[in-house]
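Please read the structure below before turning to the comments.
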Amino acid sequence: MNLIKRLGAIVGPSQVLTDPVDLDPILTDWRGRYHGKALAAVRPASTEEVAAIVRLARETGTVIVPQGGNTGMCAAATPLSGRPSIVVKLDRMKRIRAVSSLGDSIAVDAGCVLAEVQAEAAKAGRLFPLSLGAEGSCQIGGNLSTNAGGTAALRYGVMRDLTLGLEVVLPDGRVLDLMTGLRKDSAGYDLKHWFIGAEGTLGIITGAVLKLFPRMAGRAVALAKLGSIGDVLSFLALARAEVGDRIGAFEVMNREQVAVIAEKMPQVAIPFALDADWFVLIELGDTVADGLPALMERLLERAFDAVLLSDALVAASEAQAQAFWKIRHSVSESSKAAGYVVSHDSAVPLAGQGRFVTEVEARVKALRPDARVVMHGHIGDGNIHILAIIPPVADADERFRQVDVINAIVDEVTRDLRGTISAEHGIGYANIGRLARVTDPVEIDMMRMLKHTLDPDNLLNPGKIFT
Ligand SMILES: Cc1cc2nc3c(=O)[nH]c(=O)nc-3n(C[C@H](O)[C@H](O)[C@H](O)COP(=O)(O)OP(=O)(O)OC[C@H]3O[C@@H](n4cnc5c(N)ncnc54)[C@H](O)[C@@H]3O)c2cc1C
């Protein structure tokens, strides 16, 4: 029996996609830059089916590329190895397995869409705090495999911090069950962390136990204008001192970023003039809503007194708060529409953030005066995305050269500041040549050893993270 028939025997013939029309969106990355090749995309409905697929792939030497919502930024879910491959799509695995209000946890299948998990938590009167622009289509398995951060990381941490347990199908087809959901467990190595952020190279995540938190009773949202990145950081320090853990989000955009949104997404209302260099969206949240607006007013007053802000708008309603967030969530779509985006995901220690932003922008502009340098990010956790938008270049080799020169600037400054080139998106395929520029060779060697130990035949998403 050939491979396609045998896959059909595991998941049902209709769940093995081979038609080029069905495969095209699955084989193309979110940015539309990479087009992979696969014999089929397979849609299992259970952990047992995933395990049977992995055993079959191992027997036949077939490469497996796990795929969630395919919203990742680095072509990590695109089959690009050039070897006979299948894509395993988790989208039929959408069960909410259990919600525990007492334990403040939710157990889910890895194919659950992030927004569905947020909604399920809300139904139980709880909060699942991971939040990002792609939350309507990205999946928990993808969030785990990229160690996603998003806009609430400042308060709640990244996906790694939000995870209590995992279920993983290993490259040899065995199921690793780490779904106890325990908050304390010092019995040996904590294996779940191997798979979080592994970009599908060490196993297929099929289930997870995630942390829940008390639901916010209300929020206060404001947009503030500031003159420099130094003022942005001083405003953050002031906010921490004034309101502590009530800072739910602290998102920054430079003027060029907001200008690109205004140009490319006119349907998004920008309720202020673009007469400042930096804009901060700050959200305060609390389980007790009373007093939040007053707290925000007092914080802004203090910031005005300290001459950190030139203006601020406080959302007068929930609808206006959502409209403010709409601006922030439009950064990726608008930049994509503005030209060829050379995107970066560095994080550096907060003390170096000012130098990072200033030096990268100046060096990129000196090299490419035609580039639009847009910046946005979750600056409170050290992660600001610097994007150089350049005019499209038709020749692929020339484009690669131009992109790499810009990348080299970012990587050099990141390394000097002891940062990382990927705070939350991963390395995938797109950033593969950059990892060694910044990361300690001993660390990379340990990663390779782990990969070789778990997946000696290199069948799980080969050619991602490292060659
Ligand atoms: C508009 C927009 C905004 C975004 N904003 C943010 C943001 O603020 N913060 C942030 O961190 N990210 C952000 N992202 C990128 C983010 O990484 C992804 O949206 C998300 O985490 C990936 O989930 P996914 O299901 O789409 O994964 P995919 O893109 O399908 O896959 C990503 C990686 O995970 C692997 N994978 C997927 N599922 C599994 C599984 N079950 N088991 C093993 N491996 C698996 C894939 O092989 C691949 O390596 C944004 C993306 C978009 C499009």
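Derivation of every value follows stated rules applied to the coordinates shown; laboratory data play no part. Nothing here was measured: the structure is a model prediction, and the numbers come from that model. Positions of Cβ are backbone-derived with ideal geometry, glycine not excepted, and every protein chain shown enters the neighbour counts.
The angle between the Cα long axis of helix 229-243 and the main principal axis of the chain comes to about 90°, on a 0 to 90 degree scale. Multiplying the residue separation of K37 and I444 by 0.36 nm and subtracting their alpha-carbon distance yields 143.8 nm. Beta bridges assigned by DSSP with both partners in the range 3-92 are antiparallel in approximately 25 percent of cases.
Between 0 and 90 degrees, the angle of helix 114-123 with respect to the longest Cα principal axis of the chain falls at about 70 degrees.
If I model a spin label as a point 7 Å beyond the Cα along the Cα-Cβ vector, how far apart are those points for R215 and A237 in nm? Taking the two extended label points, one gets 3.8 nm.
Run through the range 118-215 and list the chymotrypsin sites (Phe, Trp or Tyr not before Pro) located in a DSSP loop whose Cβ has at most 10 other Cβ atoms within 10 Å.
Y189
For the range 203-246, backbone nitrogen atoms closer than 16 Å to the point 7 Å from S317 Cα along Cα-to-C-beta are found at 221. Pairs from the table (K89/K211; K94/K451; K5/K336; K89/K365) lying more than 32 angstrom apart at Cα are K5/K336; K89/K365. In this rough spin-label picture, where each label sits 7 Å from Cα along the Cβ direction, the K184-A337 distance is 5.3 nm.
Give the separation of the Cα centroids, the range 95-155 to the range 22-74, in Å. Distance between centres, Cα-based: 22 Å.
Compared with the direct C-alpha span, the chain from D416 to T28 gains 136.2 nm at full extension, assuming 0.36 nm per residue.
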